[in-house]
Amino acid sequence: MEPLRTLKVGLDSLLLEFGSGGEVVEAFRSARSRRDEGLLEAIEIIPAARTLLLSGVEVDRVLGDLEHWGAGAGEQQQPELIELPIRYDGPDIESVARLWDCTAQEAASFHSSLEYSVDFCGFAPGFAYCSGLPEGYEVPRLTRPRSAVPARSVGLAAGYTGVYPRASPGGWQLIGSVEVPVWHEGQDGPALLRPGCRVRFVP
């Protein structure tokens, strides 16, 4: 879990760059675990596709401690598992099935057989980038994005699965829709899907 490089940001923030999204998730979980154990003082721990931002930290102290972040990783609590009931009724399910060289029903069965990990959130509040599709199952974005995608739509792009928290424009290929909201406006912690948690789609 060695970062490719580290970059000081201001006086009390540190940006860690990694070689893969999986390494970011591992580092994010280690950082949260160390903060819970009182081994890391950080105001915010923010993952992205290839980076992890730690704000409100003693930068030199964190840099000196990075080599110990992997210690005890196997003893960490299993991340929360969120199950999302889904209908595979999206307008692009047939297109995705053709890309995967199978039927729409087989594509739905395959997608729901996997467990996903929320790597990071972005694009819109509560929009979680969920990794878990095997190599070779990447799906291209639409050449012409839709001007409006309904809330709770499930889309694929590159190697990610995402659930649109609210109605918005979007260019991901839509394969279905979930039965529960993933964004609760006005609540403390409004996002159902948060970095580090596990996700299963249940037909």
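The table for this structure:
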| item | result |
| --- | --- |
| Once the Cα gyration tensor of segment 96-142 is diagonalised, semi-axes √(5λ) in Å | 22, 13, 10 |
| At R0 = 30 Å, FRET efficiency that the Cβ-Cβ distance of Glu17 and Leu114 yields, to 0.05 | 0.65 |
| Residues Arg61 and Ser147, FRET efficiency given R0 of 45 Å [Cβ-Cβ distance, rounded to 0.05] | 0.40 |
| Distance (nanometres) between label positions extended 7 Å along Cα→Cβ at Glu106 and Ile43 | 5.3 nm |
| 222 nm mean residue ellipticity, helices alone, for the chain (DSSP H n ≥ 4; -39,500 (n - 2.57); rounded to 500) | -5500 deg cm²/dmol |
| Given charges at beta-carbon only (K, R positive; D, E negative), |dipole| of the chain in Debye | 680 debye |
| Percent accessible area from carbon and sulfur atoms, the chain, protein chains only, probe 1.4 Å | 49 percent |
| Nitroxide proxy distance, nm - points 7 Å out along Cα→Cβ at Gln78 and Leu4 | 3.3 nm |
| Accessible area in square angstrom per residue, the chain, 1.4 angstrom probe | 52 Å² |
| Calculated SAXS-style log₁₀ I(q)/I(0) at q = 0.12 Å⁻¹ - the chain, Debye, Cα scatterers | -0.65 |
| Taking the C-alpha atoms of segment 136-203, convex hull volume expressed per residue in Å³ | 100 Å³ |
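The values are calculated or read from the model by the stated rules, or taken from the named source; none is laboratory data. In this text the structure is predicted, and so the values were computed from the model without any measurement. Quick reminder, even Gly has a Cβ in these numbers, built from the backbone with ideal geometry, and neighbours come from all protein chains shown. Side chains are part of the model used for accessible areas, which takes the heavy atoms of the whole protein and leaves out ligands, DNA and RNA. Shrake-Rupley method; radii C 1.70, N 1.55, O 1.52, S 1.80 Å.
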